Amino acid sequence: MEDVFDITGRPPKGWMHAIFHGGPYGEDVGRCIPGPPAPEILTVPLADGRVHTYRTWAVGSWPDLEDPVAVYQLDGPPVPPPLLTGQEQTWLRDGQQREGPMPLKLVALVTGGRMVRDPDASAIEAMLAGLRHREFLLLQRLGDHAEGDSYLQVLLDEDDTYEVVHQAGAAAEREGTRSASQAAVRNAVLRWAAEQPTWRSALERAMPGDAS
């Protein structure tokens, strides 16, 4: 984003004033951004090559109704859907038994609260392809809850890379990798859902990442 400032009156045509809470623009006065409308997300390059992300909090006008001001907050980390608790798993299994003889083994959870019971390959592919930036797909096996949760979690980050985190149970460590290949991630997720031990091989060329 260009360095455009205005502290005397109206910003240039096609720009609007903005206030930033913290970050590299936190001390700026009179900074202008493209708009209106105000961009939902603004990324600012840092000296070390990383980027800092701001997200719109509110848009108002003060003191001039014709001079809208966008207020940006520091962007927090994406939050994955919560794992199902032991009680929730029991309720789901009981409901499945009433509907049919096949036991419930897997659930898919996506950002926003949607849940799919025993998703097939096409459903998993559709959910993965439908991910937007900062959204998660979480696959959770419904096994013995006393042994700990077994799950595979996929996050589509804002740089179009995927972070894949795996946990095999309470006694296992969380494993994390990052990949820019949607095809590799899709293959790994489908293999994991099908309980194929080769699922990791689809991500062998992925760059290791922090699972925390």
Among 16, 203, 59, the residue whose Cα sits farthest towards the positive end of the charge dipole of the chain (+1 at Cβ of Lys and Arg, -1 at Cβ of Asp and Glu, taken about the Cα centre) is 203
Simple Cβ-charge dipole of the chain, Lys/Arg +1 and Asp/Glu -1, about Cα centre, in debye nearest 20: 580
Could I have the simple spin-label model distance between residue 27 and residue 93, label points 7 Å from Cα toward Cβ, reported in nm to one decimal? 5.8
Suppose a student asked you for the relative contact order of the chain, using Cα pairs under 8 Å spaced at least 6 residues apart; what percent would you report? 11
Estimated 222 nm signal from helices in the chain, with DSSP H stretches of n ≥ 4 weighted -39500 (n - 2.57), rounded to 500: -5000 deg cm²/dmol
State the percentage of accessible surface on the range 67-123 attributable to carbon and sulfur atoms; use a 1.4 Å probe and exclude ligands, DNA and RNA. 59
Considering only protein heavy atoms, what per residue accessible area in square angstrom results for the chain with a 1.4 angstrom probe? 59
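The values are calculated or read from the model by the stated rules, or taken from the named source; none is laboratory data. None of the values given here were measured: they were computed from a predicted structure. Quick reminder, even Gly has a Cβ in these numbers, built from the backbone with ideal geometry, and neighbours come from all protein chains shown. When the accessible area is computed, the model is the full protein with side chains, heavy atoms only, and any ligands, DNA or RNA have been set aside. Shrake-Rupley method; radii C 1.70, N 1.55, O 1.52, S 1.80 Å.
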